[in-house]
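Taking it in order: structure first as C-alpha cells, then the write-up.
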Amino acid sequence: MYRKKKKKLDPVPLLHVYGQRYWHDEAVILGNKEALEALARAVEKAIKSGHGEAELYTADGEGYTIVVLRKGEPWPEGWEHLALPYTDDCARERREDAVWPWELPGFRK
C-alpha cells in the first residue's frame, strides 16, 4: 500500500498491534519500517513529555492514531485500578470501576 506525495509514492506506515489474549501471553507489534520509526518517535516523545502519538494504518487501509502515555507512578500505586489489556473472554476485564487508558488525564492533548 502506498500513498502519493510530491509525485512519488511513499510507503504507508503499516502497523498491527496484537494484544495479549490472556495472562503470560505474548503481545505482538508488527509493522513496516516507516510505522516502526513513527512508533519509536511517539515512544520517545512520551518518555520526554508524557504523551506521544503516531498516525498509522492497518493492512486494509484504515487509518488510526496510536497513543503512547507515560505513567510515572510505581506499581501498584496508580496501576491497580487500570483495566487489564487481555482480549480473550477468560481474561477480559470485568471490573466495573476499572480505568481505561482513554479515561486517563492527558490521553488527548
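Read-outs throughout are calculated quantities, based only on the coordinates presented, and are distinct from any laboratory measurement. Everything numeric in this text was worked out from a predicted model, so none of it was measured. Using ideal geometry, Cβ is built from the backbone for each residue, glycine included, and neighbour counts are taken over all protein chains shown.
Observations
- Taking the DSSP beta bridges with both ends in the chain, the antiparallel portion is around 90 percent.
- Listed peptides 30-40, 14-24 appear in the order 30-40, 14-24 once ranked by packing, highest mean of other Cβ atoms within 10 Å at the front.
- Here the convex hull built on the C-alpha positions of region 7-109 has a volume of 137 cubic angstrom per residue.
- A helix-only calculation puts the chain at -5000 deg cm²/dmol for mean residue ellipticity at 222 nm, using -39500 (n - 2.57) for each DSSP H run of at least four residues, averaged over all residues.
- In degrees, nearest ten, helix 33-49 long axis to first principal axis of the chain (Cα): 50 degrees
- Alpha-carbon centroid distance for the pair region 84-103 / region 21-82, whole angstrom: 17 Å
- Extension gain (nm, one decimal) between Trp79 and Tyr18, 0.36 nm per residue minus Cα-Cα: 19.8 nm
- The aspartates and glutamates within cross-link reach of Lys48, meaning a Cα-to-Cα straight distance under 20 Å and a gap of 8 or more places when in the same chain, are Glu37, Glu73.
- Taking the chain and dividing mean pair separation by its residue count, relative contact order in percent (alpha carbons under 8 Å, at least six apart): 22 percent
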